[in-house]
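The values are calculated or read from the model by the stated rules, or taken from the named source; none is laboratory data. Predicted model, so just to flag it, every value in this text is computed and none were measured. A quick note on method: Cβ atoms are made from the backbone with ideal geometry, for glycine too, and the neighbour counts reach across all protein chains shown. Ligands, DNA and RNA are stripped out before the accessible areas are found, and what is left, the full protein with its side chains, is counted by its heavy atoms. Shrake-Rupley method; radii C 1.70, N 1.55, O 1.52, S 1.80 Å.
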Amino acid sequence: SGLPLLAGFVLVLTFFVVSATIAYFNIRTLQEMTGKVSHTHAVIATLEDVFSLMKDAETGQRGFLLTGDDKYLAPYESALIRIQERMADVKRLTSDNPEQQRRIPLAESQLDLKLKELAETISVRRSQGFEAARTIVITDRGKSAMDSLREHIAAMQQEERRLLRLRFEETDEAFRMAVKSGVGSGLLGIILAGSVDWLLRRADLIRKRQEWLQTGQARLGEKL
């Protein structure tokens, strides 16, 4: 009777170890997929911030060119400080993606061209007046750089959205696997519980039979 009970105990212990291991890896996988999705969202948002800051800088430049009043340069000056920080964030966040890293220098070159155009027009507006600054603006040098920057950022965001779709699919698959393994563990647990109950009942029946035989032998000995 001891052997079936030992086998049942080993089976139960093995079940819990395997179930806990599977659950651990499922949770780790889901956490990893969720982290990747959040990371991709962060890249998209950071790229959006870069272009938004460039538009702020351009707005400040235009206000100053029209009025000559330094207070209109506040968005421009604020953007100058943050643009480089956000580009550094883009580099850091995409450090694991060679394709995105390849695009960054192209975006940075257009970013620099636009910033130089903004700084030049502001300087000329200060020293030579509105018309001289307007002459630089109507060359469309700044517009061309801004349009090119928009295209590069849009391409990088498109790549991140492609990755986001893949990661959503991977997350869904990981979730389905977690559900399947959970249901499987539950069913196996039910079967295991039934098996252990059967082993216990069988062991109890064997014990009672042995007691009955021992009692019968004792009574027979007394009669003899």
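Is it possible to state the helix-based mean residue ellipticity at 222 nm for the chain, with each DSSP H run of 4+ residues giving -39500 (n - 2.57), the sum divided by total residues, to the nearest 500 deg cm²/dmol? What is it? One gets -34500 deg cm²/dmol as the mean residue ellipticity at 222 nm.
What accessible area per residue, rounded to a whole number of Å², is obtained for the chain using a probe radius of 1.4 Å?
On the way: 14290 Å² over 224 residues.
That works out to 64 Å² per residue.
So, with +1 on the Cβ of K and R and -1 on the Cβ of D and E, and no other charges, what is the size of the charge dipole of region 30-163 about its Cα centre, to the nearest 20 debye?
Details: 20 positive and 22 negative charges, 28 e Å.
Result for region 30-163 is approximately 140 debye, rounded to the nearest 20.
Here the label points at Arg209 and Ile138, each 7 Å from Cα along the C-beta direction, are separated by 10.9 nm in the simple model. Across the options Thr135, Trp212, Leu73, the greatest Cα extent toward the positive end of the charge dipole of the chain (unit charges at beta carbon of Lys, Arg, Asp, Glu) belongs to Trp212.
Which length gain, in nm to one decimal place, applies between Leu187 and Gln158 when the Cα-Cα distance is subtracted from 0.36 nm times their residue separation? Write out the running numbers ahead of the final one.
Details: separation 29, 0.36 × 29 = 10.44 nm, distance 4.36 nm.
Between Leu187 and Gln158, full extension yields an extra 6.1 nm.
Here are some values of mean projected area of the Cα convex hull in nm²: (i) 12.1; (ii) 18.3; (iii) 14.2. Which one was computed from this structure? For mean projected area of the Cα convex hull in nm², the calculated option is (ii).
Put a plus charge on the Cβ of each Lys and Arg, a minus charge on the Cβ of each Asp and Glu, and nothing anywhere else: the dipole of the chain about its Cα centre is then about 1160 debye.
Measuring nothing but protein heavy atoms, the accessible surface of the chain at 1.4 Å probe radius is 61 percent carbon and sulfur. Using the Cβ-Cβ distance between Trp198 and Leu166 with R0 set to 35 Å, the FRET efficiency works out to roughly 0.15. Farthest toward the positive end of the dipole of the chain, out of Gly189, Ile153, Ile83, is the Cα of Gly189, where the dipole comes from beta carbon charges about the Cα centre.
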